[in-house]
Every structure is written in structure tokens, then in C-alpha cells.
Amino acid sequence: MAQTLSDQAKLELLQAGLDHIDQGISVFDDRLNLMFWNRRYFDLLEFPLDFAQVGRPFEDFVRYNAERGEYGPGAVEELVAERLARARQFTAHYLERPRPDGSILAIHGVPLPDGGFITVYTDITEQKQTERLIQERNEELEQRVLERTRDLEATNLELRRLVQSEHETAEALKLSETRLQLITDAVPAGIAYVDLDERYRFANQRIAGAFGFAKDEIIGKSTDEVLGPKVAATLRPYLDRGRRGEEVTFEYVAELAEGREADIRTTVLPDLDETQKVRGYYALSLNVSNQKKAEAALAQAQKMEAVAGLSGGLSHDFNNLLTVVLGNLLPLKESGRLSQEDLELLDPAIEAARRGAGLIRRLLTFSRRDPLEPQSVDLAELIEGFAGFLRSSLPETLEIVPAVGAEPLHAFVDPLGLESALLNLAFNARDAMPQGGRIAIAVDPVAIDLAQGATLDLAPGDYVKIVVADEGSGIDPATLARAFEPFFTTKAQGSGSGLGLSMVYGFAKQSGGAVRIASEGGRGAEVSLYIPRSEAPAVPQDGPEPLDAAVDGSRPLVLLVDDDPGVRRVVRRQLTDLDYPTVEASDGEAALELLDQVEEIGILLSDVVMPGPLNGFDLARAARTRRPDLKVLLMSAYRQPDADQEAGRPQVPVLRKPFEKAELDRLLRQISTAEATARGD
């Protein structure tokens, strides 16, 4: 049976990716207990690191903030109660909280489909200072323009009165323009003035440089020449509104110098003369690219959480259905009453049901709702089978070339997790070769010494190196440096989540290994996975282990608990075939009543997810309080990560649905043997 992973190991996959994000992230479940976080969350809010525990109540964080004055004056209990009541509403919220140290945090909370919420914390101190500075500079600019207009009018009067020379007038205007340039060049925003002929008459250094011009070069150029004909045509409706005297704000993607693109937010302010006639317009532009990336990252996180929640619900219902299907087909096959023709029809149905269970497991692994179950895996067998799957899934223009040596190689790894990682790498290789090419998958044993371990961040020892190589265009150094960042992608919008390589990285770290990428422009890429090597699994001994029996020689009475009648019928038949007498209950409360009434019950076999106040873990805890010697085995079509590790929940084995009679028999013997060993029998 797979070993139960620690909390740290189970969260490492997600945290390895989240810790790259500059925003703080926290996820609390529907009982307001902490489920996921990243290091930036604790750094930004200055929480003690010993709060970083799965299941830590939200109230602890709120109380800590209240006691240190984070929420301002007021009674601590009232401040805590107010925020807890607000949190329990699980509604989307956004607020900007000034902190005692003068910094400002933007807090954006979004409810999750099954309860709880994900919250992103962004330090917007610098952004707010910039916005305030832009506003101040904009107001100052408008004031300067008014003053300049008054000065020019006064100058004209003075010129008419004094009949100054043309040279003196030019010098005065030049001095005024110089002062205006000094002011606007200091503003961290693009500022320009465009006349009614759509030509630039004024521009500060920021906007001129962004489009590849010097300040004196941009003057006199048209908007088509500066923005580009395509962008200018897109913005024409907004600019025309400015020429008609309207103030308008809009966003667009600008094509900047050197082929760069940026998300720009521009406000157009019309310039009116004393008769309110439009003479042109001012344009104030801000680069909002970083803000857009942060919003996109949050949206992607919400999307992935929704996918994970959907996959969890599907797995519960679908695996229950497969339990019923397999539980009825297998006894039919074993009955010996079917003809060869009937068996030829039945066998594909059984195999399809088993494959369906494997597909659901893959879905859960992808959505990170299923904890890894490492075991000794024959890599030659896994790679050959995976290559066959790829050949049927990828275009015919791609050649899949597995290279596994004659020497048997085993690794201690979750097989489905490894397949998911290899699938991500294969899809990346496919995208790098749109015209076709060769994807090679090689497996070799490696011994990591102390020096190599320091470079790879691995403990010295024996590993297996799996290399996925393509013949694509390669990866440039700048992209390579960010390859494992969550949400970073070079693919077109909507073509990739930017999570593939970060998930591979998290899987490798959680498996006790590492991942590295080597690439040169135009020469393809090689991704190397290092996984701990293991010995081949021991060959099971022939014959079943002896099972504890009751005093009269019969097997112990089993209390079967499941809310699905079809599942109960299948499992009851399996128990009967294994010579276990059985009583049934449809929920936890009915099961406890039977335990109180029937002393002969020796084994509790219960589903994990059930309606009512008691789930399987709660039932196991209550049952063992009444009957400490009771043997307990749980069944689950869907298990939340860390569900069996939460505080107060008993440590009991879990049988994954759908299961077959042999697996049920093995685990029943296992818990009986474990109990006997614990008693010293």
C-alpha cells in the first residue's frame, strides 16, 4: 500500500509554482481553514511563519492583525467578529488597505465553487504613489497650460503695446516651451498635444522614446506615422471624439519601438479656446501591462480551481458508477456460465471500465486533486506504453522515438504523475515543431555525487534521468530563464495556460527529484527529469495471508456503509464471496446506531463522502471512540488532498473506487494483520 505523504510533500507541487509569483496568495476552504499559500503572502502581511500550516483557522490571522493594530482602533473581539462574519458570506471583494508601515495592499478575494475563497494580495504602494504623482502632475500641467495661456495673452498685449522685436518674441516662446518640457519630462506617463490635423505639436520624452523617436523628431508627425496605420485606425473613433470636444479614456495594445508591445490606457482631454472651440487635444498615456498580467494570472488561477472542483465532482460520481459496472461484470465473468462468444463481448467492457478508472485518476492528477502515490515503477514498460499512447494522440508528422536500455530500470515515483509530466513535455515539443519532427524519450541511470547534487539541488545518490528532446526552434536565454514561472507562456493568448512546465517542476520536486532544460536557438530543446532510482518491487508470495477469525471460526462481521444502493449491493456481494457476514447502513448516523446495538461487528467498511453530518473520517473517529479495537477501512471515489491528515482525523487506509474483489480482500487482510501485530499476537 502506498505510503501517506506528509503535509509539506503534498503542498510542494502547488507551492513550488506559487512561490515564483510576486503577489501573495492564500486559499481558505469553506470552513475558513487555510489550504494553500505562498511565501509572498506571509512576507507581505508579516505573519509568523509558524502560521503556515494546512488547516490553520482564518480567525488566527484576523486576530493577529487586530491585536497589532492592522485594522485601526477598536475592541479586538469586535474587529475579529466583524471580519469573520464578512468572510463567511464568501462573496467576491476588492479593497485597498493602508498598513501601519505606510504601505498599501490591494486585496482581491474570489469565492470558490465549493465554498471558501482564493485571495490575491498585491503591494500597490508604488503604483498608488505613481498614480498620485501622475494626478498631481496632470493637474499641475493643466494649471501650467492655463498660466501659459494667460502669459501668452499678456505677452501679446505687451508686444502690441511695446512693439517688441520679432527676435525677442521668439526667445520668450522658446523659454516657455523649454520650461514646459522640463515639467512634462519628469512625469512617469506619456503626454502629448495633437492639433486638429492629427499632427503632434508637443510630446514629452517618455511618449517619444516609447515609439522610437527623439522629442524633436516626433513634432509634426501624424498619428498614423507615430502609432502605425493599423493602431491609428483602431483608435480613430476615440480620437475623433476628442476632436469633437469630448473627454474619453480607452485602452489598446501599442506597437512600441523594437517590436515591443504594451497595454496602454490613454485619456484624451480636448483643448478649447475662449469661445469653447476645439483647437486640438491633450493625450495622457499610462503603461498598464503589469496590471493586465496580474489580472490575467488571477483569472487563470480561478479557472484552474474551477477545473479542479469540476474534476473532483465528476470523479466521485463516475467512480461510483464504475464500481457498480465492474462489480457486476466481474462476477458474471467468474460465474463460468458464459460461452466463449459471450466472454468475447464481456472482456472489452471490463477492460473499458478499468481504463475509465485510469482516465479519472489522470484527471485528478492533472487538477492536483489527487495526492501522489509513489511506488517502484518499471520505466521501460511505462515509457513504451506512453509512447504508444502519444503515437495515437499526436499528428502523423511527429515521430516518437523511445530509447530504453536492456537493463531493467525502476524509479520510486507516482506513475500517473510521471505520465502527466511527460505529456506536458511532449505537448511542448509538439508546439515547437509545427511542421513535424522527432520527439526522443531516453532513459538512463545516473549516480549524483556531492558536486552534481549541489548544482541540481539533489541529495547524492542513484537516480534515473529521463530526457525528452525535440528538433524545434529552441528556446532563447530570456525565455529559458522564466520557463518554470507559473502563467508565463510564449504562446498566443488562449493557446496555453503557462502552467505546464511549472507543474512538471512541482512534480519533480515533490518526487524528490529535479528538472533542467538545455536549449540553443535553432537546435531544439532537451528537458531532463531526475527521479530517485529504486529496486524492483518484491514478488508477492503465493497464497493469501492468514486472517484473524472470530471465536467460532467464522470471519468477523462487517458493517458496510455507503449512501449509494448500487455500490452497497456490489460490495456486499464481494464480501459474501469472501465469506464475510455483512450488515448495511446508508449513512454515518445509522452506522453508529448499529455499532451500539450489534457487538459482533468487527470491521467498519465505509465510504468517505456521504450525506449528513458524518463523512467517513468522522464516522471512523466516532466508531473508534466507542470501540477502540474496531478495524476500519474506508472507500473513496474522490478524496480531497490531505483529507486524512487534518487535525483530529484518524489515520486509516483508504480503498480507491472502483476496486475489485482481490484488492478488497488484500486490504481487509492487511488491516487484520496490522491489528494482530499491534496486539503482539
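Bear in mind these aren't lab numbers, they're just calculated from the coordinates by the rules spelled out. Since the structure is predicted, the reported quantities are computational estimates derived from the model, not experimental observations. Virtual Cβ from ideal backbone geometry, glycine too; neighbours counted across all protein chains shown.
As an exercise, find the ratio Rg/Rh for region 7-123 from alpha-carbon atoms, using the Kirkwood inverse-distance average for Rh.
Rounded to two decimals, Rg over Rh is 0.94.
Of the peptides 205-216, 560-571, 343-354, how do they stack up when ordered by the mean number of other Cβ atoms within 10 Å, highest first?
Packing order, densest peptide first, comes out as 560-571, 205-216, 343-354.
Could you tell me the calculated FRET efficiency between Ala536 and Ala590, based on Cβ-Cβ distance and R0 = 35 angstrom, to the nearest 0.05?
0.15
Got a sec? How would Glu59, Glu198 order by Cβ neighbour count within 10 Å, fewest to most?
Ascending number of Cβ neighbours within 10 Å: Glu59, Glu198.
Please arrange Ser222, Ser420, Ser636 by counting, for each residue, the other beta carbons lying within 10 Å of its beta carbon, fewest first.
With the sparsest Cβ surroundings first, the list reads Ser222, Ser420, Ser636.
Pairs to check: Lys215/Lys292; Lys221/Lys277; Lys631/Lys657; Lys631/Lys661; Lys128/Lys509; Lys509/Lys631. Give those whose C-alpha atoms are more than 26 Å from each other in this structure.
Pairs exceeding the cut-off: Lys215/Lys292; Lys128/Lys509; Lys509/Lys631.
Let's test the formula: R0 of 56 Å, r as the Cβ-Cβ distance of Thr576 and Glu140. What FRET efficiency results, to the nearest 0.05?
0.05
Give me Lys657, Lys221 ranked fewest to most by other Cβ atoms within 10 Å of their Cβ, as a rough exposure proxy.
Placing the least packed residue first, the sequence is Lys221, Lys657.
Simple spin-label model, 7 Å along Cα-to-Cβ: Ser103 to Tyr252 in nm?
3.7 nm
How would you rank 381-391, 65-75, 112-122, highest first, on the average number of other Cβ atoms within 10 Å across their residues?
112-122, 381-391, 65-75
What length, rounded to one decimal in nm, is gained on full extension from Arg244 through to Lys277, with 0.36 nm per residue of separation minus their alpha-carbon distance?
Value of the extension gain: 11.0 nm.
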